[in-house]
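Only one structure is covered here, and it is reproduced in the block below.
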Amino acid sequence: MENVVLTIHLLLALSLIGVVLLQRSDGGGLGAMGGGGGGSVSSRSAATGLGKLTWVLAIAFICTSLALTIIAAQNASGSSIMDRLTRDGSAPATEQADDPLATDGLLPPPSSGSTDAPIVPRAD
């Protein structure tokens, strides 16, 4: 179900991009607000077929976005990442919280003696 909605969502996005690019620019936007518009800012043109199609595609795009959000929330509800890791059979890595001086294998263990000895990495 999620794949079907996602495919429709992708097709709607591409169609919406195409329809918006096909529309004729009215010369509006930020440049018309500056002056010399001759009343074109306040007047509204009649809705064309491409304009209506843009609205339909935009509403359908928003609906599929909401549907994908709801589907994703239902799939993720009641489980955390740790639950999913243990369910898949791979155990999560455990931390060495008992020994605050424990190393992760990248550094040599802290020396407990003379400080004159050279530090040599462990060979594991």
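Examine the range 66-85 for a residue that is surrounded by fewer than 13 Cβ atoms within 10 Å (Cβ to Cβ), aliphatic (A, V, I, L, M) and modelled with pLDDT of 95 or more, and state whether such a residue exists.
Yes, some residue in the range 66-85 is surrounded by fewer than 13 Cβ atoms within 10 Å (Cβ to Cβ), aliphatic (A, V, I, L, M) and modelled with pLDDT of 95 or more.
Exactly one of these conditions fails for LEU21: (1) surrounded by 10 or more Cβ atoms within 10 Å (Cβ to Cβ); (2) modelled with pLDDT of 85 or more. Give me its number.
Only one criterion is unmet by LEU21, namely (1).
The values are calculated or read from the model by the stated rules, or taken from the named source; none is laboratory data. Just so it is clear, the model here is predicted, and its values are computed rather than measured. Here the Cβ is made from the backbone with ideal geometry for all residues, glycine too, and neighbour counts use every protein chain on show.
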